[in-house]
Amino acid sequence: MLARIADHLAARRTGHPLRVGVDGITAAGKTTLADELAGALGALGRPAVRVSMDGFHHPRARRYVRGRESAEGYYRDAYDLESFANLVLVPLGPDGDRRYAEAILDLDRDTPVEEWADARPDAVVVVDGSFLQRGELRALWDEVVFVDTPYELARERGAVRDAERFAGIDEARRLFDTRYHAASHLYEDEIDPRSRATIVVTNAEPGEPFVQRIGGAEDARIALFAYGTLCQAEVQLASFGRLLEGSPDVLPGFAADFVSISDPDVIRASGSDRHPIVSMTGAAGDVVEGTCFAIGPHELAAADRYEVDDYRRILVRLSSGTEAWVYVAGGRGAPRAGPTGASATRMEG
């Protein structure tokens, strides 16, 4: 899962640092995923920078102006979204100078801080936090990962994590109900962040997170070039529940070979343990013929699950001029999988 998301983000070239928000309800597992995703990007050779919304809270006097347990107060007043936009996302975006604030508040001490850094043009800046798609920030992200965790599961994980801070697990559960998750409900009702996100990770089963959608919002259309078993009708029906529509195209500068696979589900769907695989050569005479399909982001996630770890997904330019995703040789052992526990985000003091 982490390898596929890292491949997807590493392929994005924007001319400025790629701004990635990791969003979700409180205790969804955002911090864990953001930390591990930054590590997976680093393993690909793409410099990754970690920033947390923890460092962009308002001072206590502002956070609690509506009351210590107010859900509306947590949603509207907890985070200084305007400063985060102006001091982080704007300077990291187009025409920015890439100098950004790492934090403006020491949350535990409730005192202002000034922590600044410079990002490389090719950096991926991974930010974990709550309410990342509110109006002040929505248009400033290049990608948003939404960690989709059931409220009941997040509540128990968060209560265990924060029991000491909140004088016991029962009090922690109560505050999750009255303030933190009540605020998350306000956010979902107002913004619908799951639908707006470009990547959705389902984190409902302990130890088994998976990518539900990748490549854009619900209605996005994505070009996928296939040259092997993804062209087979039986594989498409098993993976996508439908036959895909596409047109013939050519991938230049690549050559085809074969790889033996052992995944029984893939062998059953394709009817073979010997699959084509392509590698970049750069030679003008090397071409791979195939089909460019138009798919949705749920289907791209399904294709990621179908392809085994021998394959990586990269962006290429086809002979037709179409920019498309394709699975190529260069797979690697997957990093430790995903956000199974509660987020390590520090709760308010």
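Values quoted throughout were computed directly from the atomic coordinates according to the rules given, and no laboratory measurement underlies them. Just so you know, these numbers come straight off a predicted model, no measurement behind them. Neighbour counts run over all protein chains shown; Cβ positions are idealised from the backbone, glycine included.
Residues satisfying the criterion are present in region 216-232 (criterion: touching a strand residue (DSSP E or B) at 6+ places or on another chain (Cβ under 6 Å), among the hydrophobic types (A, V, I, L, M, F, W, C), in contact (Cβ under 8 Å) with a residue 24 or more places away in the chain and assigned to a helix (DSSP H, G or I)).
Checking the condition surrounded by 13 or more Cβ atoms within 10 Å (Cβ to Cβ), in contact with a helix residue (DSSP H, G or I) (Cβ under 8 Å, 6 or more places away or on another chain) and farther than 20 Å from Gly15 by Cα, which residue from Val113, Val90, Val65 passes?
Val113
Val278 meets all of the listed conditions (1) touching a Gly at 6+ places or on another chain (Cβ under 7 Å); (2) aliphatic (A, V, I, L, M); (3) free of Cβ contacts under 8 Å to residues at least 60 places away in the same chain but one, namely (1).
If I ask for residues that are of a type in the set (D, E, K, R) and within 16 Å of the chain's Cα centre (by Cα), which ones from region 105-162 would you list? Listed by number, the residues that qualify are Asp128, Arg138, Asp142, Glu143, Asp148. Looking only at residues in region 142-158 that are touching a residue at least 60 places away in the same chain (Cβ under 8 Å) and not charged (D, E, K, R), the one that is farthest from Val88 (Cα to Cα) is Tyr151.
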